[in-house]
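The values are calculated or read from the model by the stated rules, or taken from the named source; none is laboratory data. This structure is a prediction, so every number in the text was calculated from the model and none was measured. Here the Cβ is made from the backbone with ideal geometry for all residues, glycine too, and neighbour counts use every protein chain on show. All accessible areas refer to the heavy atoms of the entire protein, side chains included, with ligands and DNA or RNA removed. Shrake-Rupley method; radii C 1.70, N 1.55, O 1.52, S 1.80 Å.
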There are 2 protein chains.
Amino acid sequence: MAKVEIKYCTQCRWLLRSAWMAQELLSTFEQEITELSLLPASGGIFEVSANGQLVWSRKQQGRFPEITELKQAVRDAIAPDKPLGHADKKPSAV
Amino acid sequence: MAKVEIKYCTQCRWLLRSAWMAQELLSTFEQEITELSLLPASGGIFEVSANGQLVWSRKQQGRFPEITELKQAVRDAIAPDKPLGHADKKPSAV
């Protein structure tokens with residue numbers, strides 16, 4: 001049961017990539033995400049939150065996430081035990 | 001300042017059309033929509049709400065909306081004075 005939010009700058013025309021990421025997250029976390037919100041904003045903002053926790057900020061990280069690292073960040077916040085298959089980071093074992 | 005919600009059945013695989021409609025609405029109502037939520041559901045549900053008001057129900061209407069009539073329904077709920085250009089219904093004048 002998780003709410004994910006994607007806040008994006010409309011002036012920067014980031015609706016398309018935000019909507020694409022929304023679909024990727026809803027597809028991967030079909031059992032976990034109960035609501036995915038797209039939030040139009042301005043000023044170069046691109047932020048993804050999961051259950052109120054900021055998991056990506058373009059301002060902080062200085063770039064957009066790769067889709068696999070975004071999924072890992074969302075997974076860590078809402079379903080830490082969920083494996084992400086071949087796209088997943090290998091656990092730092094031994 | 002409006003919140004729009006699209007509730008869709010995941011078993012029916014309606015994510016893609018829902019995400020497409022989300023993009024159409026966010027593009028057309030860039031100044032009006034402050035949050036657009038995609039809500040995974042089941043049981044053949046496809047419903048669109050605007051500010052808590054149900055503006056489309058596939059169960060009630062028996063079909064999916066054309067994108068232009070969906071925009072008109074959302075417009076009527078959140079921005080009744082907004083013209084929708086060539087896609088708009090002609091006013092029933094004189």
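Candidates A:Ala77, A:Ala19, A:Ala73: the one that is at pLDDT 95 or above, within 14 Å of another protein chain (Cβ to nearest Cβ), open to solvent by less than 50 Å² (accessible area, probe 1.4 Å) and in a helix (DSSP H, G or I) is A:Ala19. Annotation: of all residues in the stretch A:4-26 being without any contact (Cβ under 8 Å) to a residue 24 or more places away in the chain and more than 12 Å from the chain's Cα centre (by Cα), the one that is farthest from B:Ala19 (Cα to Cα) is A:Arg13. Looking across the stretch A:1-11, the residues that are open to solvent by 50 Å² or more (accessible area, probe 1.4 Å) and at pLDDT 95 or above come down to A:Lys3, A:Glu5, A:Lys7, A:Gln11. Quick one: B:Asn51 ticks every box in (1) surrounded by 15 or more Cβ atoms within 10 Å (Cβ to Cβ); (2) within 14 Å of B:Glu5 (Cα to Cα); (3) touching a strand residue (DSSP E or B) at 6+ places or on another chain (Cβ under 8 Å) except a single one, so which number is it? So the condition that B:Asn51 fails would be (1). The requirement of being touching a Leu at 6+ places or on another chain (Cβ under 8 Å) and more than 18 Å from A:Ser18 (Cα to Cα) is not satisfied by B:Glu35. Looking only at residues of the stretch B:23-39 that are more than 7 Å from chain A (Cβ to nearest Cβ) and under 17 Å from B:Ala73 (Cβ atoms), we find that the one that is surrounded by the most Cβ atoms within 10 Å (Cβ to Cβ) is B:Leu25.
Going by the conditions given, is B:Val48 in a helix (DSSP H, G or I) and either facing chain A (nearest Cβ under 9 Å) or over 20 Å from A:Leu25 (Cβ atoms) (or both)? When the stated conditions are applied, B:Val48 does not pass them.
Taken over the stretch B:27-62, the criterion of being under 19 Å from A:Thr10 (Cα atoms) and without any contact (Cβ under 8 Å) to a residue 12 or more places away in the chain is satisfied by B:Ser27, B:Glu30, B:Gln31.
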